[in-house]
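The values are calculated or read from the model by the stated rules, or taken from the named source; none is laboratory data. Predicted, not measured: the structure shown is a model, and the values here were computed from it. Note that each Cβ is placed from the backbone with ideal geometry, even for glycine, and that neighbours are counted across all protein chains shown. All accessible areas refer to the heavy atoms of the entire protein, side chains included, with ligands and DNA or RNA removed. Shrake-Rupley method; radii C 1.70, N 1.55, O 1.52, S 1.80 Å.
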Amino acid sequence: MNDKDCIFCAIARGDIPSVKIWESDRTLAFLDISPMTKGHALVIPKAHFATLADVPSGDAEADAACREWFLVTRLLARAAIERFGGANLLQCNGPAAGQTVGHLHLHVIPRQGADAVAQPEFVSGAGKYASDSERDEIAAQLREALANLAAAEGLRASATSAR
Ligand code: 5GP
Ligand code: ZN
């Protein structure tokens, strides 16, 4: 499944050096070459999926890869929180979302009160709806799409999450 031209696959194979934080058969965590903060790391499943939309459903190995991917992320975030005080997670899918490396990855970005990282692209309130009906329409579209995707996976929401 490794993509020959993928830089993170090359890192996972060991063809390109990286500062590794964690490695298992399915998962690799390594320091970002251009860190936003000290300790900024990337966690990847070793299997090549370009984005979250490219992870196949109903695939036991993909499920196991994603489960471990998030477990390692959660534990690395915990380590970062304990060491630095806080952490942001960032996960970009597609060029429209600022993804520059087309291999699924989660950023774990340690944060300290004194660091100088601004969050200019994540401005609270910048996505203001034109009206409540626009908000409700978008919510309904996402609700229906997610319900269909979840149903296809045999996953049911609790009664309280439905409207
Ligand atoms: P994206 O914008 O796709 O979410 O983030 C890709 C990240 O990969 C960037 O933060 C970038 O600094 C990092 N990166 C790109 N090439 C390499 C590399 O060869 N080695 C490492 N360690 N990080 C890389
Ligand atoms: Zn890859």
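Entry note: the chain has Rg to Rh equal to 1.00, where both radii use alpha-carbon atoms and Rh is the Kirkwood radius. The trypsin sites (Lys or Arg not before Pro) found in segment 1-69 that occupy coil by DSSP, while having at most 14 further C-beta atoms within 10 Å, are 4, 38. When a 1.4 Å probe is rolled over the protein heavy atoms, the share of accessible surface on segment 7-111 that falls to carbon and sulfur comes to 58 percent.
The C-alpha atoms of the chain define a longest principal axis, and helix 60-84 lies at about 70 degrees to it. If you take the beta carbon distance between residue 38 and residue 128 as r and set R0 to 30 Å, what does 1/(1 + (r/R0)^6) give as a FRET efficiency, to the nearest 0.05? The formula returns an efficiency of 0.30 here.
The label-point distance for residue 115 and residue 142, in a model that sets each label 7 Å from Cα toward Cβ, rounds to 2.6 nm. Within the same chain, aspartates and glutamates fewer than 8 places from residue 38 are excluded, and of the rest, those with a Cα less than 19 Å from its Cα are 82, 115. Segment 90-118 and segment 43-72 have their alpha-carbon centroids 18 Å apart.
Measuring gaps between exposed loop sites in the chain (chymotrypsin sites (Phe, Trp or Tyr not before Pro); DSSP loop; at most 16 other Cβ atoms within 10 Å), the longest gap, sites not included, is 1-121. In a GNM of the chain with a 10 Å cut-off on Cα contacts, which of 79, 130, 12 has the highest mean-square fluctuation? Of the options given, 130 has the highest mean-square fluctuation. Dipole of the chain computed with +1 at Lys/Arg Cβ and -1 at Asp/Glu Cβ about the Cα centre; of 45, 24, 96, farthest Cα towards the positive end is 24. The H on the amide N of residue 28, modeled in the peptide plane, is under 5 Å from the matching H of 44, 46, each at least 5 residues off or on a different chain.
Accessible surface for segment 7-111, divided over its residues, is 52 Å² per residue with a 1.4 Å probe. Database note for the chain: Cys without another Cys beta carbon under 4.7 angstrom, 66, 92. May I ask you to list the lysines whose Cα is less than 23 Å away from that of residue 46, ignoring any residue fewer than eight positions away on the same chain? Cross-link targets: 4, 20.
How charged is the neighbourhood of residue 137? Take every other residue with its Cβ under 12 Å from the Cβ of residue 137, and add Lys/Arg as +1 and Asp/Glu as -1.
Working: positive: 135, 143; negative: 132, 134, 136, 144.
Spelling it out: positives minus negatives among the neighbours equals -2.
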